[in-house]
Amino acid sequence: MIKAGRVTVDGVVAVSPEQKLDPDFSVVALDGETVGYKRFHYYMINKPDGVLSATDDGKQRTVLDLLSPELRRMGLFPVGRLDKDTTGLLLLTDDGEFAHRVISPKSEVVKLYHAVTEGTVTEADIEAFRRGVVLGDGTLCLPAELEALEDGSCLVSVMEGKYHQVKRMLASRGKPVTKLERLSIGGLKLDKMLKYGEYRELTESELCSVLSKK
């Protein structure tokens with residue numbers, strides 16, 4: 001395409017594929033149409049039940065199997081993980097530093113879940129979450145928020161992501177989880193227009209909101 005004279009840089013026809021440029025300032029066009037450049041990519045997906053939060057599995061479907069062939073070639077990976085039977089908001093990116101910041105408890109990024117349990121959450125349960133639940137194997141969880149809803153379900157807010165953490169926390173209080181969905185990460189809420197398995201790219205403001213502590 002360059003040899004055919006179809007590519008321009010800042011309005012000037014490019015003559016060499018080796019030409020250097022600054023992607024943050026140079027305007028590259030193909031056949032007169034501006035070509036965008038992004039170093040990293042950030043997507044939200046509404047994870048369905050029965051799909052693994054992994055990049056590859058020889059036997060089961062992963063969230064990457066839900067993507068278009070073009071996106072699968074980008075090297076995207078899940079930011080943290082949701083259990084196979086947990087649904088809701090999952091981030092996909094190729095930015096390792098961003099993923100680490102979202103996952104690390106030091107960043108204090110709150111993840112909000114809606115849980116349906118056997119039994120109704122009590123004030124004692126809420127206080128136990130506030131102090132920090134001790135799991136069956138002795139693992140101490142950071143203080144978390146637990147809110148009982150009128151329909152008998154509950155909301156759980158945590159800042160860490162231990163293995164099956166939300167399920168294990170509620171089970172430790174005698175409230176086994178029968179259904180779990182992640183609603184938000186930081187200030188980013190799951191787009192309600194996305195059906196299970198659907199995804200879209202984050203806007204700039206949404207990306208900033210992920211690391212919000214509110």
query: If you scan segment 184-194, which residues turn out to be under 20 Å from L52 (Cα atoms) and part of a strand (DSSP E or B)?
result: S184, I185
query: at pLDDT below 95 and farther than 24 Å from S53 by Cβ, is that true of L140?
result: yes
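Given the criterion assigned to a loop (DSSP other than H, G, I, E, B), in contact (Cβ under 8 Å) with a residue 24 or more places away in the chain, open to solvent by 50 Å² or more (accessible area, probe 1.4 Å) and under 20 Å from T87 (Cβ atoms), identify the matching residue among G197, G161, G152.
One residue alone meets the criteria, G161.
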- prompt: Of these, D85, D57, which one is at pLDDT below 95, closer than 28 Å to K179 by Cα, surrounded by fewer than 19 Cβ atoms within 10 Å (Cβ to Cβ) and acidic (D, E)?
  reply: D57
statement: Those residues of segment 100-119 which are among the charged types (D, E, K, R) and either closer than 16 Å to G187 by Cβ or at pLDDT 95 or above (or both) amount to R101, E108, K111, E118
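Tally the residues that are part of a loop (DSSP other than H, G, I, E, B), out of contact with any Asp or Glu (no Cβ under 8 Å at 6 or more places or on another chain) and not hydroxyl-bearing (S, T, Y), restricting the search to segment 1-18. Walk me through it before giving the result.
So in segment 1-18, the residues part of a loop (DSSP other than H, G, I, E, B) come out as 1-6, 10-11, 14-18.
Then keep just the ones that are out of contact with any Asp or Glu (no Cβ under 8 Å at 6 or more places or on another chain); that gives 1-5, 10-11, 14-18.
Checking which are not hydroxyl-bearing (S, T, Y) leaves us with 1-5, 10-11, 14-15, 17-18.
The number of residues fulfilling the criteria is 11.
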- prompt: Of the conditions (1) buried (at least 19 other Cβ atoms within 10 Å of the Cβ); (2) part of a loop (DSSP other than H, G, I, E, B), L170 fails just one. Which one is it?
  reply: (2)
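The values are calculated or read from the model by the stated rules, or taken from the named source; none is laboratory data. Because the structure is a prediction, the values reported are computed rather than measured. A quick note on method: Cβ atoms are made from the backbone with ideal geometry, for glycine too, and the neighbour counts reach across all protein chains shown. Heads up: the accessible areas ignore ligands, DNA and RNA and are worked out on the full protein's heavy atoms, side chains in. Shrake-Rupley method; radii C 1.70, N 1.55, O 1.52, S 1.80 Å.
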